[in-house]
Structure formats: structure tokens, C-alpha cells
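Any read-out appearing in this document is the output of simple, stated calculations on the displayed coordinates, not a laboratory observation. Owing to the predicted nature of the structure, the values given are computational and were not obtained by experimental measurement. Cβ coordinates were reconstructed from backbone atoms using ideal geometry, including for glycine residues, and neighbour counts include every protein chain displayed.
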Amino acid sequence: MTSIDAGPADQRRDTRPPAAGSAQTTAPGATATRPLLEVDQLRVHFATPAGLVRAVDGVSLSVRAGEVLGVVGESGSGKTVMSRRAMGLVGPGTTTRLSGTVRYDGTEISALPPAELSKLWGSEMAMILQDPMTSLNPVKRVGEQIGESLRRHLGLDRAAAHQRAVQLLRSVGLSEPERRVRQYPHELSGGMRQRVTIAIALSCDPRLLFADEPTTALDVTVQAQILELLARQQAEHRMAMMIVTHDLRVVRGHTDRVVVMYAGKVVEAAPTRTLFAAPRMPYTEALMNAVPPLTGSNHAVLRVIPGRPPNLLAPPPGCAFAPRCASAQERCLTEMPPLRSAADLAGASPGGSAAGAPAGGPAPAIAGTPDDHVYRCWYPVGTEAGDEARRTNIERGHTAAGTPILAEAV
Amino acid sequence: MSAGLAASPAADPTAGATVAAGAPARAPRGRRQRRFAAVVGKRLLHLLIVLLLVTFASFAITDLLPGDAAATVAGENATPEQIAAVRTELGLDRPMIVRYFDWLGGVLTGDLGNSFRTGQPVTEALAQRIPVSFEIAVVAQILALLVAIPLAVYSAYRPGKLIDRSSMAIGFGAAAMPHFILGMVLILLFAGGLSSILPATGFVGFFDDPLGNLKSIILPCLTLMLGEAAVYRQLLRSDMISTLQEDFILMARSKGLSPRRILFRHALRPSSFSLITLAGVNMGRLLGGAIVVEVMFAIPGLGQMVAQAVYDRDYLMLQGGILVIAVSYVVINALIDLLYAALDPRVRRRG
Ligand SMILES: Nc1ncnc2c1ncn2[C@@H]1O[C@H](COP(=O)(O)OP(=O)(O)OP(=O)(O)O)[C@@H](O)[C@H]1O
Ligand code: SF4
Ligand SMILES: [Mg+2]
């Protein structure tokens, strides 16, 4: 716990993403140690007047101790709902249908009553949100908002909590922390407020941090500082982190592994380096090729992929990405591709086994082998079948879904 | 009158934006004090203008009313000569505007004139009646808030559940019932028909007999507070429900705070602005306007006095009552503004 208030952190700043370091240290024991967070077949469906919204539809993933997992996907792909459900903040309700399990440190927290869950919140798991303008209570002093957690979980008295709050603010790089603790959120800039929310999240030394687009609402220059701060704190605390983001640059520089979501499902997951070296799902490839605009909200970024985002109310029978996929074939429209291991691709002759032998069995359980590269596609990028699918579509000028293809766009 | 003062501070988008730009330094002490003085000065000026307008209007309206104070005072069998003599004696033969400034001059020296009917100095009548009305208004408000706040908070926490539905149904019933019917029902229940544990009418001073005082104000206060509690519950419930959707509430949950702490320490304060505004307006209204209830329960308060003064064309008495009511409206509004500032730090720096 003393790690975060030790001196000016800048002296120990290093250029390596902390992710890389922790990946190396945890990777060898990966099969032996159980992941800190295991999400299995998670479903969150909302009953709405328009119909059932399948916001999260069978997501399985895991995060190991000290590891950083990136979750990327277009707006509406279910990232926020998934991460909140994983933490337990989305509970059962009259219009909310839940299934699947979440295990934290071996305990099935998806079955815990709210009072039990809230003992973990703040102490074991913490969260920071996208917009620091709205995620701090406008009528409470900064120090009080930090102190609350300390008093609840660490049993500190008012004076001790106040002192600790000052230390925490200093450790997240706020100047004049003695003055800041007495200020109200509206007296701070956006970047300062996000530092405060980080201080709150880290106050009780959680082992797992959920960061839902922690930089999306901030100025570009401030974004880098906040990411840097998060990375440093993550390394110092040896804390696991799930970063939800639109920004592939964030993913690339700050995560060990990545999960790509589309229409409430995991469509590809891999160690970060593997994913960037050889994306298999055409959607992931399109994300990587999409150039984020320099101005405007990051929510606009993924609009760069042509076509409409998927309909969560009435998902098509086949691949949800088919209407927008340059490789889509007839099979994609009728059969949902299962999650498959890319290891099979490498082992057998590329392409052939992927496209031709789906009888090879269902997807591997991700929780057991988190370092697997898995994807959900009949015609994966970089395989013979994938290349051929795309060639076919270019030749006929449209995909099997009827989407026209411009040769130069491919 | 209260519209400008009651504008919701939470809705002001500039409150957050202006200061977010950089690290704002606090204003130096001297400057803050001067700003405070300016604010108070502006308030007092407002008060003065409002009072002049209200008292002048009430003077003019009483003057236009049919009926003649002199005739009332002189008695039913008075001759026109007698009435004219009384009129001169009371100074009613002078033009309205002259009488107004005469009255205003009296106000400045603390003399509000005497009742035409009883000869009692108006200030004395007010001194007797203000504490009575004030006690009833305050107790009724406190009771209404004590009932409404927990019900609203719980209803917002579990909307559509038993407490929410039943308090809504009972509340609609209470709010829809006119005071005189509600009062009769209460009298039937507690002071006559079914039981007689409370007096039906009459008022006992607090310093004469505290317990008797309590008993004598219970029924009037209940009559006044039931409908108000229902409205307060409804208002606070919907504000709470929208506050509970805020990110900072999710953040508070993710810190592991208990529902009770989240509801009362995080959500209640930012949800209470419209409630406070309404409670302030009601407080002002109750001070001078609980006429039906005061008459019904024979409570010697301000409302009863004003009603009697209108009936008697006892215009100095009426003026005194109206002056007090107007002052209390303005004072209550100022207090509400102070309360806003205490509850929301974003209001404070706007001054
Ligand atoms: N309470 C709810 N009731 C109904 N639908 C909901 C609810 N919450 C979320 N949804 C829907 O679930 C889908 C997934 O939402 P979610 O916020 O998880 O997406 P996201 O990937 O985080 O997107 P963004 O990038 O915009 O934050 C959306 O279509 C959203 O409209
Ligand atoms: S190739 Fe087919 S299965 Fe693969 S992403 Fe495109 S549409 Fe989906
Ligand atoms: Mg989101």
C-alpha cells in the first residue's frame, strides 16, 4: 500500500508499457494459476418495448492477476454493459435478463447478493468511468469522495482518511493536494478530475480495475497523461485492469491481451502483439485500418467502417458482421461462425482447415487458455479461404450480402 | 414574485463550464466580502421595491372595493352626517394616494395605525397573531417534509414496489381533498365522532400550556400537511429517480457504499432543489393564507385576521397583514437562496 505514495513517480518512469513486463512475468505460470476474473457465457438481455436487446450475448473471457486486458468494439457492441455486469453493477431486474457466470478469485460473484458484492467493490474491484465531469458528485468535496472508500473499507477515521486522501492526490500527480481535497469537482479541470477518480479507484488498493473509456472525454494532450498515469499505477500496484476503449492506439500501447466485441459477442481475442501482427476477423482488420480522425469525439472513430452497426434486436442468423464484411460469402449469411483457435490455422495448411473443416469441433474454452488467439469467422484474413472469399467478392463486385465492393477499398 | 429567485441553480450550464477552464484561484478575502455586500444590497433593494408595489396595490384594491369603512364603523343606523363625520375622523376623506404615503410614513416609525373596528393598534394585533400562524406553518412544513422525504427516497430506490404504490395512492387522495373536507374528516376521527382525544377548535398558547398547545395545533397542521406531503413526495421521488441514473451514483456504488449512504448522502442533496423551492413558496403561502384552516379550527392567526379585515373594510389592519405576508415571502426567498448555496457549491461562486 505504500507503493503509491512513494516519492515522485517520475523518477521511476520507464518507457516500456507496463503491460509488456507483467505479461512476461505472468505468462509462464499461466496454465498453473487460475485467472483473477473469469467470465463465462455471460448474457445480458434487456426487454424493451421494441423487443429484446441482446446487449451481451455469450461472452467468455478472463483476466489474470496483474494483467491488462483491452476490450474494443464499435459503439453499442456491449462493452460497457459487459464490463459492468462482470463487476456486478448490472444486476437482475424486471427488464434485465441475465445468465452466465462471473468468478472473481475463484468465487462465483454472479451469484452473490448485493450486500456481499458491495464488500468487493472499491476494495477488490474498482471502476473509473469515461466522463470525469459526471462521475464525481458535484456537491461533495474531493477529499470526502476519496475518504468515503477509505473509511468504508479500511476503517480509517475522518482525520486519517483525510491525510490518506492528500497522499493519494499527490500520488496521482495533482499539485497542491492539501488544497485540492477541500475543493469541489467543478473547481477542477477535466484532466484533474480524472486524476481524482483514479485516486478514488486506487484508494483501497484493488486487485482489478475496470476502466471504461478512461480518456474518451478528455482533451488529446490530457489523454496521454492519464494513460501514462494509469499504466504507472497499474504497474506499481501490480493490479489487473480491463480497459474498455474505442482507441486502437490505447490498446496497442497499454494492453497485454485484447478482446474484440461485435454485437454483444467476442469476435476475436488474442495477445496484443499477435492480434496486431495477424488479425483474423475482417472486423478487427477493418478497425485497425480505420484511421481515427484527429478532431471530434472518439465515438465517431468507428463510423469509418462503412455500413450500419448491427441490429441487436433481431440479429441475423449468420455472422453479425456479414452485411458490412468485404469477405462475406453465402455461408456467412446462414451459419454463425463459432469461436475457433488460430493455432489450428498455423498447424494445418493455412486456410484449408479453417474454411473446410468446421467439423473439427467447437471453440476451445477461453478461460482455460487465455493466451490462445481465437476468432469467429468462416473466411479468416490471411488464410487461403479468406483470400479467395475476398477475391470472389471483388470479381463479382459485391458480397454475398449484396454489399457493393470497390476494388480500391480492399 | 419568486420566479426569478427560484430558478433552479443546478440547471445552469455555465456553473461548471466557466471554472473548468483552468485552476481557479479563490477570490481574495476583501473582494469576496465586497461581492457579498453587493449581493445583500441588491437583495434589500429588491425587498424594498416588492414591498412598495405590494402595499400600494393592496391599498388601491381596498379602495376600489365596494363598501365603506366609515359606514361600517358608524354602525347600521347612522345618519349620512354621522358617517361623514366618522370618515373625516378616520381620515378617509383624503385621496387614496395621500393616505398611502401617510401610512408609509407610519410604517417607517413603526406605527401601522389602529383597527377601525376595535381600536387595537395594528402592530399589537400582528404581534399576537404572527407567532400563531408561524408556529402552525412551520410545524406543518416540518411534518410534511418528515413524511415526504423518507417515502420519496424509498420510492425512488424501489419504484413500483408496495411503498411507492401505496404512498402514491394515499397521497393522491390527500392532495385531491379540499382542506375543509380533510379538516372535517380529521375532526370526525379525532375530535368528536369516533374519538375525542383532541380539541376540535381553539388555540392554546405554547407558553400557557405546551401540551395543550401541541394538542390544539395537531389537527390544523395535519390538515395542512397531508396534501403537501403528497406533492413533496411526488416531486422529490421523480428528481431522485433521475439523480440515481447519474454516473456519480454508479461511481458511488462501485466504491461499495451502502444503499442508505448512497441515497441520503449522495443522491438526496442534488435532488432537493425543486423540493426546497416549493416548500419555500408553501411556507410563505401558509403564513398568511391558511385562512380556511384558521377559520375552521378557530385559530387566531394572520389568515383569520386578514379575512376578518377584508370583511370589515378594516383597511389598516388589512394593510398590516399584507405587509407581513409580503415581507415573509421575500425573506423566505432569500433564505432559500442561502440554502441553495449551502447545498450546492456551484451556486456559491456565482454570488
Ligand atoms: N438499460 C438498458 N436497457 C436497454 N438497452 C440497453 C440498456 N443498457 C444498454 N443498452 C443497449 O445495449 C447495447 C450495448 O450498450 P453498451 O453501452 O454496452 O455499448 P458500448 O459498446 O459500451 O458502446 P459505447 O461505445 O457507445 O459506449 C446498446 O445498444 C444499448 O442501447
Ligand atoms: S467472412 Fe463471413 S464470417 Fe468472417 S467476418 Fe466476414 S461475414 Fe463474418
Ligand atoms: Mg460504453
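Rounded to the nearest 5, what % of DSSP beta bridges with both residues in the protein assembly as shown are antiparallel?
Details: 34 of 53 bridges.
Bridges in the protein assembly as shown that DSSP calls antiparallel: roughly 65 percent.
Ranked by how many other Cβ atoms sit within 10 Å of their own Cβ, fewest first, the residues A:F321, B:F59 fall in the order B:F59, A:F321. Spin-label pair A:A111-A:T48: with each label point 7 Å from Cα along the Cα-Cβ axis, the two points sit 3.2 nm from one another. Summing charges over neighbours of A:E108, with a neighbour being any other residue whose Cβ is under 10 Å away from its Cβ, gives -1 when K and R count +1 and D and E count -1.
Among the trypsin sites (Lys or Arg not before Pro) in segment A:162-236, none sits in a DSSP loop with a Cβ that has at most 10 other Cβ atoms within 10 Å.
Between segment A:193-209 and segment A:227-253, the C-alpha centres lie 13 angstrom from each other. Seen against the Cα atoms of chain B and their longest principal axis, helix B:210-243 is set at about 40 degrees. What the phi angles of segment B:273-286 give under the Karplus curve with 6.51, -1.76 and 1.60, with θ = phi - 60°, is a coupling list of 5, 5, 4, 5, 4, 5, 4, x, 4, 5, 4, x, 5, 5 Hz, glycine and proline written as x.
Inter-part distance, segment B:273-335 to segment A:125-192, computed on C-alpha centroids, equals 46 Å. A full extension of the chain between B:L211 and B:L53 corresponds to an added length of 52.7 nm, given 0.36 nm per residue minus the alpha carbon distance. Other protein chain C-beta atoms within 10 Å of residue C-beta, averaged over A:111-118: 2.
Across segment A:32-57, the residues whose backbone nitrogen lies under 15 Å from the label position 7 Å along the beta-carbon direction of A:L313 are A:46-55. Rounded to the nearest 10 degrees, the angle from helix B:80-90 to the longest Cα principal axis of chain B is 50 degrees.
Counting only alpha carbon atoms, the long axis of helix B:96-108 and the longest principal axis of chain B meet at about 60°.
Taking every DSSP helix (H) stretch of at least 4 residues in chain B, weighting each as -39,500 (n - 2.57) and dividing the sum by the residue count yields a mean residue ellipticity at 222 nm of -23500 deg cm²/dmol.
Label-to-label distance, B:Y311 versus B:Q33, with points set 7 angstrom from Cα along the beta-carbon direction: 5.4 nm. Rg then Dmax, both in Å and based on the Cα atoms of the protein assembly as shown: 35.6, 126.
Going 7 Å from the Cα of B:A78 along its beta-carbon direction, which residues of segment B:119-161 have the amide nitrogen within less than 17 Å of the resulting point? Once the point is set 7 Å along Cα→Cβ of B:A78, B:119-120 turn out to lie under 17 Å by backbone N, inside segment B:119-161. For segment B:50-141, the direction-averaged projected area of the alpha-carbon convex hull comes to 7.7 nm². Once divided by 2.2 N^0.38 Å, the Cα radius of gyration of chain B becomes 1.21. Please report the spacing between the Cα centers of segment A:316-331 and segment B:141-218 in Å, no decimals. Going from one Cα centre to the other spans 65 Å. Look at the alpha carbon pairs under 8 Å that are at least 6 residues apart: their mean separation over the length of chain B gives a relative contact order of 27 percent. Each label was represented as a point 7 Å from its Cα along the Cα-to-Cβ direction; for B:A71 and B:L108 these points are 3.6 nm apart. Taking every residue in A:132-144 and counting other chain Cβ atoms within 10 Å of its Cβ, the average works out to 5. Each peptide in A:121-132, B:140-151 receives the mean, over its residues, of other Cβ atoms within 10 Å, and ordering these scores from highest gives A:121-132, B:140-151. Here r is the Cβ-Cβ distance between B:S238 and A:T392 and R0 is 60 Å; the resulting FRET efficiency, rounded to 0.05, is 0.55. Counted by Cβ distance under 14 Å from B:L65, the other residues give a net charge of -3, where Lys and Arg count +1 and Asp and Glu count -1.
Can you pull the mean other chain C-beta count within 10 Å for peptide A:151-161? Kindly include the intermediate steps, with their values, before the conclusion.
Values: counts 1, 5, 2, 0, 0, 0, 0, 0, 0, 0, 0.
That average works out to 1.
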